[in-house]
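Okay, so here's the structure we're looking at.
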Amino acid sequence: MTALVLLDHEGGQIRKAALSAVTAAARLGDVHVLVTGDAALAQAASRIAGVSKVLHAADARYAHELAEPLAALIVSLAGGYDHIVAAAGATGKNVLPRAAALLDVQPIPDVVSIVDAQTFVRPIYAGNALATVRSSDAKKVLTVRSASFDAAPAEGGSAPVEAVAVVDSPDLSRFEAVQLSDSARPDLESARVVVSGGRGMGSEEKFHALDPLADVLGAAVGASRAAVDSGFVPNELQVGQTGKIVAPELYMAFGISGAIQHLAGMKDSRVIVAVNKDPDAPIFQVADYGIVGDLFDVVPQLVEELKK
Amino acid sequence: MKILVPVKRVVDYNIKPRVKADGSGVETAGVKMSMNPFDEIAVEEAVRLREKGAASEVVVVSIGVQQAQDTLRTAMAMGADRAILVLTDESPEPLAVAKVLKTLVEKEGPSLVVLGKQAIDDDMNATGQMLAGLLGWGQGTFASKVDVVDGRVNVSREIDGGTEQVSLALPAIITADLRLNEPRYASLPNIMKAKKKPLETIPAADLGVDMAPRLSIVSVAEPAERKAGIKLGSAAELVEKLRNEAKVI
């Protein structure tokens with residue numbers, strides 16, 4: 001059996017989450033990958049360990065991974081594959097369900113575990129339940145959570161690159177512009193340490209109180225939905241059911257109460273630390289270490305201690 | 001321009017879901033149900049587009065049991081003009097929902113379908129994209145801003161590393177993300193008015209759509225519980241624990 005993995009990219013780099021999708025696909029069979037964009041991306045794809053063929057869609061219409069042309073392209077390639085896989089990020093979730101509909105397949109999103117070629121485990125109800133589902137479709141279309149599969153090594157492979165033919169599709173959508181947050185910090189989904197703030201941060205300005213701590217730990221910065229709702233930080237920092245799912249070695253939550261939908265995004269972290277003024281905040285029920293106190297006192301003290 | 005907004009009745013977002021003892025699913029009997037929060041955002045956006053003059057009518061549709069009428073009434077209290085209930089006792093998967101919606105789109109002829117990006121029960125995040133595929137329409141998913149200009153719709157989309165703008169030919173599909181708007185609360189007079197707005201019920205079987213599920217549930221289980229750890233008195237103590245006990249820094 002062979003699986004086709006859509007390798008999504010951003011800012012000229014293959015997203016690390018896509019490497020986890022390669023690992024998941026390797027559990028299902030031989031791995032071919034589909035990548036759009038320039039030749040450098042195709043070369044990067046060919047070096048990923050475990051990839052046996054790279055399909056490169058170099059045409060400009062695919063460069064921005066617009067769902068309409070890309071889903072049509074995937075459908076044209078689908079004949080040779082039993083599984084079509086992508087990381088459960090913004091691109092995979094945009095493109096794969098469309099392709100699945102065109103293939104008359106019910107997609108299986110957010111897979112956290114592969115039981116066999118037909119059977120997959122996925123969280124439902126914000127991770128409050130884990131459903132094991134078996135697909136009766138001839139092809140399986142799935143997105144996988146990067147937090148649940150190790151990233152395939154980015155180097156070590158030498159797969160051949162094959163150009164794929166353009167598929168005619170009506171001009172339904174047009175890419176206009178993109179704004180990427182130019183953070184020097186590690187990517188939220190693959191960071192070893194995540195420092196997150198919630199409503200307790202108080203304001204956009206005061207949210208930056210976490211910066212020195214993130215700096216000293218080399219951590220990514222995250223946020224609860226409440227902090228995003230309050231306009232403290234942009235949405236791409238959101239951790240939770242409807243944001244990013246993270247499972248770092250260390251997750252530190254500051255001024256986050258611990259709503260169900262936030263816990264859904266971080267409770268698989270190895271070690272959880274919570275700092276909150278409210279001793280009854282639900283976040284303490286999942287935290288390995290807690291401090292009841294004012295985060296604006298605790299954060300500078302932590303920075304001080306960590307520098308020792 | 002007509003806008004169609006599909007809405008789903010789900011377990012209220014404040015309720016902690018309980019897995020049934022026999023592992024067949026999540027308990028919904030006797031549990032408070034509400035409109036899926038992302039669908040509220042979709043309804044709000046459609047009503048705002050009508051209020052701005054970009055749309056003339058907002059039609060809401062739900063696929064589900066008789067009680068989904070309550071969800072449709074809520075949407076009409078927020079400002080939707082009329083409602084359609086596609087009656088079924090099953091919980092159709094996104095593929096089946098998209099097929100049902102396609103028949104309604106063909107009947108109603110909307111220029112825009114606005115959906116929530118994801119239902120908070122099955123967390124599928126698929127119906128809008130699948131409907132767009134079946135209709136051959138453009139899709140602006142995870143929208144944080146929507147502008148209808150000159151026969152096109154411009155959409156700002158939430159992506160992994162930031163925001164992206166796309167422009168779509170109409171008709172098109174939009175799926176609403178969190179920051180698109182803040183849904184209004186229905187006022188009492190509007191709740192009363194909503195009771196008199198038209199609500200049409202169509203048995204799902206009458207639509208002639210294959211709604212058979214493609215996924216069978218093998219089991220539904222509670223995830224492993226995390227245990228509460230210890231509370232510490234100082235930052236110094238915490239750093240010591242992280243270094244020497246958890247060995248994580």
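Values quoted throughout were computed directly from the atomic coordinates according to the rules given, and no laboratory measurement underlies them. Everything numeric here is computed off the predicted structure, so don't read it as measured data. Cβ placement follows ideal geometry from the backbone for every residue including glycine, while neighbour counts extend to all protein chains displayed.
Where the eigenvalues come from the Cα gyration tensor of region A:148-300, what are the semi-axes √(5λ) of the equivalent ellipsoid, largest first, in whole Å?
Rounded to whole Å, the semi-axes are 34, 19, 15.
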Any aspartates and glutamates whose Cα falls less than 13 Å from that of residue A:277, other than same-chain ones fewer than 8 residues away, would be A:294, A:297
Per-residue Cβ counts within 10 Å, from other chains only, averaged over B:133-140: what number is that? 6
Quick one: Cα centre-to-centre distance for region A:107-152 and region B:196-249, in angstrom? 14
Take the alpha carbon atoms of region A:35-89, find their center, do the same for region B:42-58, and report the distance between the two centers in whole angstrom. 37
In a shell of Cβ-Cβ distance under 13 Å around residue A:220, excluding residue A:220 itself, what net charge do Lys and Arg (+1) and Asp and Glu (-1) give? -3
On each of the three principal axes the extent of the alpha-carbon atoms of chain B, given in whole Å and largest first, is 65, 44, 40
All-pairs Cα distance distribution in chain A, expressed in whole percent, bin size 10 Å: 6, 26, 30, 22, 12, 3, 0
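Could you compute how fast region A:2-163 diffuses translationally, taking Rh as the Kirkwood radius over C-alpha pairs and applying Stokes-Einstein at 10 °C with viscosity 1.306 mPa s? Give it in µm² per second.
104
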Highest mean packing first, using Cβ neighbours within 10 angstrom, the peptides A:186-193, B:183-190, B:69-76 sort as B:69-76, A:186-193, B:183-190
Relative contact order (percent) for chain B, with alpha-carbon contacts under 8 angstrom and 6 or more residues of separation? 23
Run the helix sum for chain A: -39,500 (n - 2.57) per DSSP H stretch of 4+ residues, divided by residue count, reported at 222 nm to the nearest 500 deg cm²/dmol. -7000 deg cm²/dmol
Can you give me the Kirkwood hydrodynamic radius for the protein assembly as shown, using every pair of distinct Cα atoms, in Å to one decimal? 24.1
At q = 0.13, 0.23, 0.24, 0.27 Å⁻¹, what is the base-10 log of I(q)/I(0) for region A:140-183 according to the Debye formula with one equal point scatterer per Cα and no solvent? Please give it to two decimals. -0.80, -1.01, -0.98, -0.97
Taking a cut-off of 22 Å between Cα atoms, list the lysines near residue A:308, but don't count ones fewer than 8 places away on the same chain. B:241, B:247
Calculated P(r) of region B:53-182 - Cα pairs past 23 Å, %: 31
In the protein assembly as shown, what percentage of the DSSP-assigned beta bridges are antiparallel, given to the nearest 5? 35
18 Å Cα-Cα reach of residue B:107 towards lysines, excluding residues that sit fewer than 8 places from it in its own chain: B:2, B:99
State, as an integer percentage, the relative contact order of region A:2-163 based on alpha-carbon contacts under 8 Å between residues 6 or more apart. 32
Summing -39500 (n - 2.57) over every DSSP H run of at least 4 in chain B, dividing by its residue total and rounding to the nearest 500, the 222 nm mean residue ellipticity is -8000 deg cm²/dmol
Would you compute, for the Cα atoms of region B:70-124, the largest minus smallest coordinate along each principal axis and list the three values in descending order, in whole Å? 27, 24, 23
Do any of A:206/A:267; B:8/B:117; A:267/B:117; A:140/B:20; A:93/B:20 go past 20 Å between their Cα atoms, and which? A:206/A:267; A:267/B:117; A:140/B:20; A:93/B:20
Rounded to the nearest 5, the percent of antiparallel DSSP beta bridges in region A:2-163 equals 30
